[in-house]
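Notes to accompany the following structure.
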Amino acid sequence: MRTLPGRSFPLGATVYPDGVNFCVFSKNCDAIDLLLFDHADSPRPSHTLRLDPQVNRTFYYWHIFIPGLKDGQAYAYRAHGPFEPETGLRFDGRKVLVDPYAYAVAMARYERGAAVRPGDNCAHAPRSIVVDPTRYDWEGDVPLSRPYSTSVIYELHVGGFTSHPNSGLPAEQRGTYAGLIEKIPYLQSLGITAVELLPVQQFDVQDAAPGQHNYWGYAPLALFAPHAAYSSRRDALGPVHEFCDMVKALHRAGIEVILDVVFNHTCEGDHRGPTLSFRGLENRAYYILEENRAYYANYTGCGNSLNGNQSIVRRLIIDCLRHWVADMHVDGFRFDLASVMARDEWGQPLRSPPILWEIESDPILAGTKLIAEAWDAGGLYQVGSFIGHRWAEWNGRFRDDVRRFVKGDPGTVSPLAARLLASTDVYRQPDRDPNRSINFVTCHDGFTLNDLVSYDHKHNEANGDHNHDGNDANYSWNCGVEGHSDDPAVEHLRQQQVKNLLTLLFIAQGTPMLLMGDEARRTQHGNNNAYCQDNELSWMDWSALERQAGLLRFVTALIRFTQTHELFRQESPWLPPDGAHRPLLTWHGVHLDQPDWSADSHSLAFSLHLDGRQNVIYAMLNAYWEPLRFDLPRLPRGRRWHRIIDTVRPTPDDFVEPDRAPLVSEDTYLAAARSSVVLLSE
């Protein structure tokens, strides 16, 4: 095979009109082999090319150009060098390695155990695929750049969204990017403006306990490549092109695509894990190691931690994000355990982490949404203190305080008030957009909304860890019966509590995020850590849409109401912290202008004013177990209060459209026990 020396940039496999340039980083290896395969499932390479360090190496970059190659070519590497775990070096020339910059990966022959056991794993190793991203026809598509103030985020799992047999899709489309395309009309009808996809970077489904699968996808193998198993196509380039088809179709529907990205660890695990890519190419660069360098620092709970502020890894992360934006047209990212990226090469928190500033200031990423999960498993909690000027954050405080208030815990009124105001007590920067608080009550990690009102305790026995896994602090209440109940009174109360939680989510200032299926009370039967449950326990149950038609109507109307009303699209705080602007909100209790902030209080009311004088919206929140009568603000002559929301009422009276909302004739309103009421002045 004719070859040329190639060059040290770009990293990865780059397609040119006359061939492909390959480049990979490895500082301490002695030799690199490039393996070429006739097909992605070929057990052995057709060519093995030993790179000459005198010809094919520049500094720490190994490179070669092969004329005539095109996209679709399957390839991999072997890295030969010292295996000295005590010094942090883990080269093993018997292991076949994925290119860290691979744009696609074929997993047809993959067996995780072969990468753990001593010996050659070539027959069972993943294959990198050469991709030319310029060949895809985007037909003029561009990212949408929607402001947070008009965004409704829907967190979904690409596989689980359409895997259920009752999804109405043919078998070959279930659980795929193509299947998600077919469900776009549903997302539109619900009022969703952005989907936040659980990890779609190629991950290792075998990174789980024996007999189980890694369903969520927090086990990344190839950070640039879309997960191949989510493609309905079986050709080498199919996953890339089908992912692009999905993004383009969502954009045409006005829906942004946010990726849940994992730059905190990889599927290679701890010192007992497989050698698949990073470990075999340059272990000391890619991972944070313990003082005894044979072991990995574990700030993720997943066995290892990526060395995000090491220069090579910083470049990898930036290049990866640029690829997903420039080549794949995604609109933003949610960074899993983002606080890991705030640690230095020795695991210590940095006051000014370079990688976070580089992400924020990168011009290619300037128009994207950046959302941090601002904590890690090593105890670093940075909600409200995450570095940067334009990062949004998953607001874990919102989740906990809203749950506790609706549950009826004491001392929750003051925290609830702060959460309704986009948590200005947590996010204190005076110029911060309040909508960069990503408000959520549930997410993939924890109870679904149905289970939050149906279980006092987690039930994770199916995970095989004797119910020891998952969070014990759920702030849930089963409404009197653990699990499923046929008691109409229990079921009515649960439905009411679900509507209370949803009402608070959408009327609070900030950007709301809804978990897949919560609009139809999807249940995981009390499992609050379904990371390994790739089955009907986790999948979207489409038959629930008919059973829960009333709740689905409530959610859809609630989203439409808050997304079309000017007050819920403000980009400045309702209560400005500096007093420079007229407040848009006034607090009340059962009596006007008399909020009860005591620990024994379980109720709160507030009025929102369109121009600082005129009452427009009045909300009454009663988490008490008895009815409470609230005074109503007086309105100017000619205006009256009309009832929009009352969560105690059955459908369709629980939400009435503004043009048909019934008149409230009295100057007080009796809010039922454990109910939420919203009035609109007309």
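A few notes on this one:
- Of all the residues in segment 340-377, those that are surrounded by fewer than 21 Cβ atoms within 10 Å (Cβ to Cβ) and of a type in the set (Ser, Thr, Tyr) number 2.
- Odd one out for Glu139, checked against (1) free of Cβ contacts under 8 Å to residues at least 60 places away in the same chain; (2) acidic (Asp, Glu); (3) within 30 Å of Asp331 (Cβ to Cβ): (1)
- Residue list for segment 631-662, restricted to those being assigned to a loop (DSSP other than H, G, I, E, B), in contact (Cβ under 8 Å) with a residue 40 or more places away in the chain and over 18 Å from Leu592 (Cβ atoms): Thr647, Val648, Pro650, Thr651, Pro652, Asp654, Glu657
- Residue satisfying all of: in segment 77-94; touching a helix residue (DSSP H, G or I) at 6+ places or on another chain (Cβ under 8 Å) and of a type in the set (A, V, I, L, M, F, W, C); surrounded by the most Cβ atoms within 10 Å (Cβ to Cβ) among these: Ala79
Listed here are the residues, each with its yes/no results for (1) in contact (Cβ under 8 Å) with a residue 24 or more places away in the chain; (2) in the same structural domain as Asp92 (by TED's automatic domain parsing); (3) of a type in the set (Asp, Glu); (4) surrounded by 13 or more Cβ atoms within 10 Å (Cβ to Cβ).
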| residue | (1), (2), (3), (4) |
| --- | --- |
| Arg2 | yes, no, no, no |
| Pro5 | yes, no, no, yes |
| Cys23 | yes, yes, no, yes |
| Asp30 | yes, yes, yes, no |
| Ala40 | yes, yes, no, yes |
| Gln54 | no, yes, no, no |
| His63 | yes, yes, no, yes |
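- No other residue among Gly159, Gly179, Gly113, Gly140 is within 20 Å of Trp324 (Cβ to Cβ) and either assigned to a helix (DSSP H, G or I) or in contact with a His (Cβ under 7 Å, 6 or more places away or on another chain) (or both) apart from Gly159.
- The single condition among (1) assigned to a loop (DSSP other than H, G, I, E, B); (2) aliphatic (A, V, I, L, M); (3) in contact (Cβ under 8 Å) with a residue 60 or more places away in the chain that Leu169 does not satisfy is (3).
- Cβ-Cβ distances below 6 Å connect the following pairs, each with a first residue in segment 477-493 that is outside any loop (DSSP other than H, G, I, E, B), a second residue that is surrounded by 13 or more Cβ atoms within 10 Å (Cβ to Cβ), and a separation of six or more residues or different chains: Val490/Cys479; Val490/Val481; Leu493/Cys479.
- Taking the criterion of being within 20 Å of Glu536 (Cα to Cα) and either in the same structural domain as Trp625 (by TED's automatic domain parsing) or not charged (D, E, K, R) (or both), the residues of segment 454-484 that qualify are Ser454, Tyr455, His459, Asn460, Ala462, Asn463, Gly464, Asn467, Gly470, Gly483, His484.
- Residue satisfying all of: in segment 673-682; in contact with a helix residue (DSSP H, G or I) (Cβ under 8 Å, 6 or more places away or on another chain) and either of a type in the set (A, V, I, L, M, F, W, C) or not in a loop (DSSP other than H, G, I, E, B) (or both); nearest to His492 (Cα to Cα) among these: Ser675
This table checks each residue for (1) crowded, with 23+ Cβ neighbours inside 10 Å; (2) more than 22 Å from Val200 (Cα to Cα).
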residue	(1), (2)
Ile258	yes, no
His265	yes, no
Glu268	yes, no
His271	no, yes
Ser277	yes, no
Glu282	yes, yes
Glu290	no, yes
Arg293	no, yes
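Yes/no per residue for (1) modelled with pLDDT under 95; (2) in contact with a Pro (Cβ under 7 Å, 6 or more places away or on another chain); (3) not small (Gly, Ala, Ser):
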| residue | (1), (2), (3) |
| --- | --- |
| Asp207 | no, no, yes |
| Gln212 | yes, no, yes |
| Ala225 | no, no, no |
| Ser231 | no, yes, no |
| Val240 | no, yes, yes |
| Met246 | no, no, yes |
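- Failed item in (1) crowded, with 23+ Cβ neighbours inside 10 Å; (2) touching a helix residue (DSSP H, G or I) at 6+ places or on another chain (Cβ under 8 Å); (3) among the hydrophobic types (A, V, I, L, M, F, W, C), with Ile438 passing the rest: (2)
The values are calculated or read from the model by the stated rules, or taken from the named source; none is laboratory data. Everything quoted here is computed from the prediction, not taken from an experiment. Glycine gets a Cβ as well: all are built from the backbone with ideal geometry, and neighbour counts include every protein chain shown.
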